[in-house]
1. Would you mind checking the tilt of helix 36-45 against the longest principal axis of the Cα atoms of the chain, expressed as 0 to 90 degrees and rounded to 10?
2. Which three semi-axes in whole Å describe the equivalent ellipsoid of the chain, each the square root of 5 times a Cα gyration tensor eigenvalue, listed largest first?
3. How far is helix 73-82 tilted, in degrees, relative to the longest principal axis of the Cα atoms in the chain, given as a value from 0 to 90 rounded to the nearest 10?
4. Give the Cα extents of the stretch 1-125 along the principal axes, in whole Å, largest first.
5. Karplus couplings for the stretch 320-327 from phi (6.51 cos²θ - 1.76 cosθ + 1.60, θ = phi - 60°), rounded to Hz, Gly and Pro as x?
6. Under 12 Å from the Cβ of ILE201, count the other residues' Cβ atoms, weight Lys and Arg +1, Asp and Glu -1, and hand me the total.
7. I'd like to compare 216-223, 128-135: which one has the highest average count of other Cβ atoms within 10 Å, and what's the full order after that?
8. Given axes a ≥ b ≥ c from the Cα gyration tensor, I'd like to know whether the stretch 250-391 is rounded (a/c under 1.5), prolate (a/b larger than b/c) or oblate.
Amino acid sequence: MERIAVQFGAGNIGRGFIAQLFHESGYEVVFVEAVPAIVDEINRRGRYVIHIVGNGEQDVEITNIRAIHSEKVEQVAQEVARAEIACTAVGVNVLKQVAPSLARGIALRSQNPDAPPLNILICENQLDADQILRNAVLERLPADLHGYVHSHVGFVLCVVSRMVPLMTPTEKRVDPLAIRVEAYKRLPVDAKAVKGELPPIVGVEPVENFVGHVERKLFVHNAAHAILGYLGWLKGYTYVHEAMVDEQIRSMLDEAMQEVSEALIRKHGFTREEMREHLLDLYRRFENTALGDTIARVARDPERKLRPDDRLVGALRLLLDNGLEPKGFCMAIAAALLYNNPEDVSAVALQRRIEQEGVSTVLEKLTGITPDMPMHQCILSAYAQLKNRLL
């Protein structure tokens, strides 16, 4: 196999994170991208710059790259057939669209008896994304190749934690490939899903307790971001780092994070020192003023973030399942219900529903927390408290 890494998706994560890991590991990176302008720009330049901001800012130039439009199935398949590693970062809603070229590439690869297993890193922020992609690939292959897929293709879930804030329209016009990121570049992956040996890649860390790492990302990192977003909005802040240094918000955040840390320790066996170090590192990253991460970004789509299995309600349920009282997360859910950013479609819809149906009904419908559950009243009390004093 050649030192080629096929990267499906040249967006924030693909271009702003994974490509850097591949580049620093000595690979030629072949992007597979649906936006023609991005494909053309990558091929015209053959390089782009990642701006790493924070302490010790630096620019990292990513070279030895090219791009193929995602509709060119046969051309993409040829790259998959000879690649050493592949990765998807396209968004779970369009993940199945990767399957035709991936399946064709796997079929070609199966004809080479010397081809090693192909591991596909899946950076889609959904726990069943591996099943979605595997099933979509199998549907496009004859039955006699299914055994080959099961033995020679690893669908490897990843926990993506690097923060890559959205570039402004002005910044995109100046440079459509420009990207601003934090320095953090660890990528835990599901060790049990790997087929054969995973080639050494900078930042990639195979872990056995993968579900624990996924839940820590969702209920600590993602939940903390949401809490900062919703409380920060109530206080009129624009940036995450502003909310992070507000003493009142920080106190509320600490309460929720201590709650969920204890739950993760009980469920997954993390040590208290591990959780303490994880939180300290996360807090330092949230305080990165140069990143310019906005309240609007981390708070967006409150209806999705209030689903039963998402970062806030999922954490609350984790606490209850482990015999813990979720006072901090009751406050967090209440703050999410108060998010009324007029530029956020989901926030506008949420407030309209609350006006029409009442907060108690909306809370039940969105979260599954029914009026007969003690947490229902806890959240409503926190909602009234926040609404009346607006922090």
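Values quoted throughout were computed directly from the atomic coordinates according to the rules given, and no laboratory measurement underlies them. Everything numeric here is computed off the predicted structure, so don't read it as measured data. So basically every Cβ, Gly included, is an ideal-geometry build from the backbone, and we count neighbours across all protein chains shown.
1. Rounded to the nearest ten degrees, it is 60.
2. 38, 24, 20
3. 80 degrees
4. Extents along the principal axes: 48, 31, 29 Å.
5. Ordered by residue, 3J(HN,Hα) equals 4, 5, 10, x, 10, 9, x, 4 Hz.
6. It works out to a net charge of -1.
7. Averaged packing, sorted descending, gives the order 216-223, 128-135.
8. Oblate, since a/c reaches 1.5 and b/c is not below a/b.
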